[in-house]
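So the structure is just underneath, and the comments pick up after that.
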Amino acid sequence: MSQKTDNIETQVVTICGWKRMLIWPLGMLVRLWCASIRFDCDKESEKALRNEDTPVAFIIWHNRLFLIGEVFRRYRRRNLYALVSASKDGAWLAAFFDIIGIKCVRGSSSFNARESVALLINVMQQGHDIGITPDGPRGPIYGFKGGGMIVARRAKAAAVLIGMQFQHARQLRSWDRFYLPRPFSRVRLRGELVSPGELRDRATTPESLSRRLCALSPDKKLGAGRDAKAVV
C-alpha cells in the first residue's frame with residue numbers, strides 16, 4: 001500500500017505473521033499491567049470522558065500514553081485511532097497498538113502533514129475518536145503543537161484534555177521522561193471537555209490549551225505548567 005502526496009510517495013510498511021507474534025506477549029503483558037491500575041476519576045472528568053454524542057479528539061502528553069488504551073476500555077465505546085509513522089519503526093508500533101486496543105492511521109506529523117490531517121479528519125467523520133500527543137513524537141517535552149486543534153476544528157468536533165498524576169511511577173530517561181506506573185497503584189485521572197465552539201474561539205490558542213493540559217497533569221519535577229509552551 002502506498003500514499004502519494006505533494007509528489008512524494010510514502011510507502012506504508014506493515015508487519016504480520018511471525019513478526020507480529022514476537023510482540024504479542026509484550027502487548028498482553030501491558031494489558032494485564034494496565035488492568036491492575038486503579039483510577040481516581042471525579043464526576044466531571046468521567047462525564048467528559050464518557051461524552052459520546054459525537055467523536056472526540058483526545059489530547060494527552062506523550063509521557064502519559066502508557067495507560068491510554070486502558071482508559072478507553074473503561075470509559076469509551078468508540079474506536080480510538082492514533083497517527084503512527086508509515087515507516088518500518090511505525091509498523092512495529094502500529095502492530096503493538098493494535099494488540100493493546102488502539103487502531104492506527106499511518107502517516108506523519110512531520111512529513112506530508114496535510115495528508116495526515118486529512119486522514120484524521122476522515123476518521124472522525126466516520127464516527128471514531130482520535131488521540132493526539134501535542135508534544136510528540138520527538139518533543140520538546142510539554143511543547144504544544146497545534147495539529148490536534150487543527151484536526152478538531154476542521155472536523156467541527158470537541159476535544160478532551162486528558163491528565164494523569166501518578167501515585168507511584170518510574171520515569172524513563174527518554175526525551176519525554178515517559179511514565180511507567182507501578183502495577184496495582186493509583187492514578188489520578190482527569191478529563192476536561194473543550195467544546196467545538198470554544199475551539200473555534202480566537203481566545204483558545206495552543207498556549208492556553210497547553211496551560212490547561214499541564215494543570216491536569218502536574219509534574220513538579222519537570223516544572224510542567226510553568227515552563228511548558230506552545231510550539232509552532
- Consider just the alpha-carbon atoms of segment 75-143 and return their Rg together with their Dmax, both in angstrom. 12.0, 33
- Query: From the cross-link list K145/K220; K43/K145; K103/K156; K47/K103; K103/K145; K156/K220, which pairs have alpha carbons spaced over 26 Å apart?
  - Reply: K43/K145; K156/K220
- When the chain is modelled as a GNM with alpha-carbon springs shorter than 10 Å, which of L216, L80, L22 fluctuates the most? L22
- With a bin width of 5 angstrom, please list the P(r) values of segment 24-91 as percents of all Cα-Cα pairs, from the 0 bin to the one holding the largest distance. 3, 12, 21, 25, 22, 10, 5, 2, 0
- Report the one residue of P206, V194, Q171 whose Cα lies farthest in the direction of the positive end of the charge dipole of segment 137-208 (charges on C-beta: Lys and Arg +1, Asp and Glu -1; origin at the Cα centre). Q171
- Query: Quick one: if you stick a label point 7 Å off each Cα along the C-beta vector at R138 and W24, how many nm between them?
  - Reply: 3.5
- One finds, for T14 and R170 with R0 = 30 angstrom and r their Cβ-Cβ distance, a FRET efficiency to the nearest 0.05 of 0.40
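Hey, can you find the accessible area per residue of the chain for me, probe 1.4 Å, expressed in square angstrom?
With all protein chains present, the chain gives 53 Å² per residue.
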- Task: Show which aspartates and glutamates lie in cross-link reach of K19 when reach means a straight Cα distance below 19 angstrom and same-chain residues fewer than eight apart are skipped.
- Result: D89, D98
- Task: Calculate what fraction, in whole %, of the accessible area of the chain sits on carbon and sulfur atoms when a 1.4 Å probe is rolled over the protein chains.
- Result: 54
- Item | Spatial extent of segment 91-186: Rg and Dmax, with the Cα atoms as the point set, Å | 15.0, 41
- Amide H proximity to C104 below 5 Å, modelled H, separation 5+ or other chain, gives A82
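Can you compute the FRET efficiency between R182 and D98 using 1/(1 + (r/R0)^6), with r the Cβ-Cβ distance and R0 = 22 Å? Round to the nearest 0.05. List each step's numbers first, then the result.
Values: r = 26 Å, r/R0 = 1.18.
It comes out at approximately 0.25.
The values are calculated or read from the model by the stated rules, or taken from the named source; none is laboratory data. Values in this document were obtained by computation on a predicted structure and should not be read as measured data. Glycine gets a Cβ as well: all are built from the backbone with ideal geometry, and neighbour counts include every protein chain shown. For accessibility, only protein heavy atoms count, side chains too; no ligands or nucleic acids. Shrake-Rupley method; radii C 1.70, N 1.55, O 1.52, S 1.80 Å.
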